[in-house]
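Structure first, commentary second.
Taken together, the values in this text are just the output of simple stated rules run on the coordinates, not laboratory data. What you see is a predicted model, and the numbers here were worked out from it, not measured in a lab. Glycine also receives a Cβ, built like all others from the backbone with ideal geometry; neighbour counts cover every protein chain displayed.
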Amino acid sequence: DTRARERRQHVPAPRTHLDLLRMPSAQKRLIHHWVTFTSTKLVLIDEPTNPCRALMLPMALRGVTASSDTSTADIATFHAICACAAYNLYNLRDQSSATPAAAGDADHELALAHDQEAIQHLRHNLSQADSHHDQSFAMAIMACITIEAVSGSTRRWRTHVTGGLAYLSRLRARAAGKGADADVFAAFQAHMVSMAILCGCDDISEDLKSFLHGAQRMELTFPYYGASSSFLRHQDRMNSLAGGARGNGMILDEDVSRELDALELQLYLDFPPAPGRGITGIMPPPTHALMLHHMAQAFYYASLVFCQRCVRRAPLASVQGLVESGVRQLEAIEAVSGGEAGSVMMWPALVLAAECGEEQGLQSRMLAWFEAKSKFGFRNVVVLQELVQTLWAMRRGREREGEGTAGDGGNADDAGELRWQEMMCEEKFDVFRL
């Protein structure tokens, strides 16, 4: 009996994913950086409920302490967090001339290793997606998409968005409008569909977009601060119309022309409410409310610019007033926060920056904004800055050559002007833009 009891006492505990870590000190350093820096800069406003910590960290803990014989969405989230932190450290060290090259190389190797692990676990769990009944798999998808923003890798984000929409369709069929599945579906639906719209996807199924036709709602949380349901609904329609725009304008039949006029009228009228108005639930602190209001206005002006330039194909000179108003909102967020604001959705910044002319110092003002945000070490910001600077330079070149670009007073032929969407098709610029 004594020997049997001793044998039972010495039965080794099941190996966990934590046991597989060759040097846990490296992951400890990455998680420390995630907690103290990366997670605080991924959001516009860092609050105690920041989902990068409040949701992702408990999931990552469950993943790393689970049996090493299993692959779960939670372990994918753990590796995604580590990859994000490692890429972030690598990018920050790359900006610092005082950092030894070896340190940056080590961070890059860690980033690549955890990136690969995250993707492998995500793919495995995608094949078993019907077995997930909580938000763990949806959060793993969001965590892996975040890798694309931090690393600035090109093209791969499209696979994540496509896969996320496919999983959302499966989740919708399973949810059937009730129970825990329905709650998971509603939360993931708002994230995934909003992301797809802002990434320019124009083939999202109508049933997945149904929530946009409900009560007017202003988003106050990560990552879609300031984006209202009406804005997303209108932007979705403009994505479809922009796909049909050609040359110096659109060839419209009478019905589409009337629809576009009505849509544009609604865009102008849909000005964000003053801070505190039209918002339900817990009110944010005054400074945060003001930042959110400026963010909502940035979306407002960017949507008007998008309509004019990408749908109607109006001359660059004709939108400079709207662009300046939008740029002013981005600057106001920095002023109100004392320079402590985190990342914003890059969609309005990209739309506004791409259409900056040389008047009112708009280009230099946007460059200053990009420089401030690039200090966070998120590579997609740097790539998007390079895109708009390349676009500006090419426009100046075409203007000098007389091929027609910005023009004076909008009189020059704008048909041959390069658009930012066309440049996004180039692999070196095709980064995740959110």
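Values computed for the structure shown
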| item | result |
| --- | --- |
| Local electrostatic count at HIS32 - Lys and Arg +1, Asp and Glu -1, tallied over other residues with Cβ under 15 Å | +3 |
| Cut-off 13 Å between beta-carbons: net charge of the residues surrounding ALA54, Lys and Arg +1, Asp and Glu -1 | -1 |
| Low-density loop cleavage sites - trypsin sites (Lys or Arg not before Pro) in the range 28-68, where at most 10 other Cβ are within 10 Å (DSSP) | none |
| In range of the label at ALA106: residues from the range 17-49 whose backbone nitrogen is under 18 Å from the point 7 Å along Cα→Cβ | 21-34 |
| Rel. contact order, % - alpha carbon contacts under 8 angstrom, at least six apart, the range 47-95 | 30 |
| Computed E for GLU340/THR390 - FRET, C-beta separation, R0 45 angstrom, nearest 0.05 | 0.90 |
| Set of lysines near LYS428 by C-alpha distance (under 25 Å), chain-local residues within fewer than 8 positions excluded | LYS41, LYS373, LYS375 |
| Residues ALA368 and ARG158, FRET efficiency given R0 of 25 Å [Cβ-Cβ distance, rounded to 0.05] | 0.25 |
| Net +/- balance of residues flanking ASN91 in space, Cβ distance below 15 Å, scoring K and R +1, D and E -1 | -3 |
| Convex hull volume per residue for the range 33-134, taking Cα atoms only, in Å³ | 114 |
| Set of aspartates and glutamates with alpha-carbon distance to LYS209 below 20 Å, sequence-local pairs under 8 removed | ASP181, ASP183, GLU219, ASP236, GLU259, ASP270 |
| Calculated FRET value between GLN421 and ARG174, using beta carbons and R₀ = 35 Å, to 0.05 | 0.50 |
